[in-house]
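Heads up, the thing below is written out as structure tokens.
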Amino acid sequence: MSIDIEFIAKHVTFNLLVAFSCWLAQTYLLHRRLHSNILTGILAVGVGIILFFLYDYALQDLVNVVIQSGEISLWQRELIILFRGLLSSGFTYFILYYLYILEEKQRHVLEIAELKQAQLEANISSLKEQLSPHFLFNTLNTLSILTKEKEVKNYVLELSNVYRYVLKYKEKDVATIEQEIEFIRSYFYIIKARFHDAIQINISIDKDLLKTKILPFSLQLLVENSIKHNIASSQRQLHIYIFNEENKYLVIENNFQPKKSLHASTGIGLDNIMKRYQFFFKKEIEIIKKSDKFIVKLPII
């Protein structure tokens, strides 16, 4: 009996060592940089299956010999069978668990690749949207018709403020609301010189929110969209309101009086903002379109 128990102990120890080795191999593979996920997965599963059948076959013969010998009690036989089942289940678990983790890693890699692609597209769109060539052309055209020296001086000063902000924040992910509002005031000064009273802007932000964060150029893109897609004249003024909704959102609202156009709006500006908010902050902007109003809510960071 002592010889049989020793023999059993050796086999049990062997199987425990095999299981532990598989666990170490699994841990090592999961923490390596996966240069070829498919080949690694096939190799790991193949080795696991081979080892499983090898030790399962060895244990099956061992259990049959011990049980047929009748030299151990019934409960000892049952314990051996139970232990064999646990080892078999353990190997099966390792194989299935590795497949699951491998799939999760591949999914995670794909998600990262998609997010990087979205960031690239958003950055490209952002560069295209930031102060388009039309803005520069219209700005210079307006400057050429200003006659008073003071008007020209103020106009150039505000224009320099606009481009200073662009150069400072074009590569940054966040700006304070205070900085963005100052940029919008300078930007709107340039716009108002061309449209005069056709466009009115009203900004009302709680002082305690001025140091909170927002996506750079988000307000400028939305103001530009409002002007681009709506009628603005002395008879039909365009009113733009910028205010905070509690401490959660910065709201940009305008009266909705769309221009008649043969070409539908591409929505690049809004799409740009949505992608950037999702990528950098994992937050969604809210868009509300009514018969007489168009509202966009930007989450305050």
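Pairs are defined by a Cβ separation below 9 Å, a sequence spacing of at least 6 or placement on different chains, a first member in segment 144-157 that is free of Cβ contacts under 8 Å to residues at least 12 places away in the same chain, and a second member that is surrounded by 12 or more Cβ atoms within 10 Å (Cβ to Cβ) and part of a loop (DSSP other than H, G, I, E, B); the pairs so defined are Val152/Leu146.
Taking segment 170-189 as the range and being among the hydrophobic types (A, V, I, L, M, F, W, C) and at pLDDT 90 or above as the test, the residues that pass are Ala175, Ile177, Ile181, Phe183, Ile184, Phe188. Within segment 214-243, the residues that satisfy the criterion of being out of contact with any Asp or Glu (no Cβ under 9 Å at 6 or more places or on another chain) and assigned to a strand (DSSP E or B) are Asn230, Leu238.
Within segment 146-163, the set of residues being at pLDDT below 75 and closer than 14 Å to Lys192 by Cα comprises Leu146 only.
Please specify each residue of segment 164-184 satisfying the condition of being surrounded by 14 or more Cβ atoms within 10 Å (Cβ to Cβ) and part of a helix (DSSP H, G or I). Listed by number, the residues that qualify are Tyr165, Val166, Tyr169, Ile177, Glu178, Gln179, Glu180, Ile181, Glu182, Phe183, Ile184.
The values are calculated or read from the model by the stated rules, or taken from the named source; none is laboratory data. Not measured: the values here are computed from a predicted model. Note that we place each Cβ from the backbone using ideal geometry, even for glycine, and neighbour counts take in every protein chain shown.
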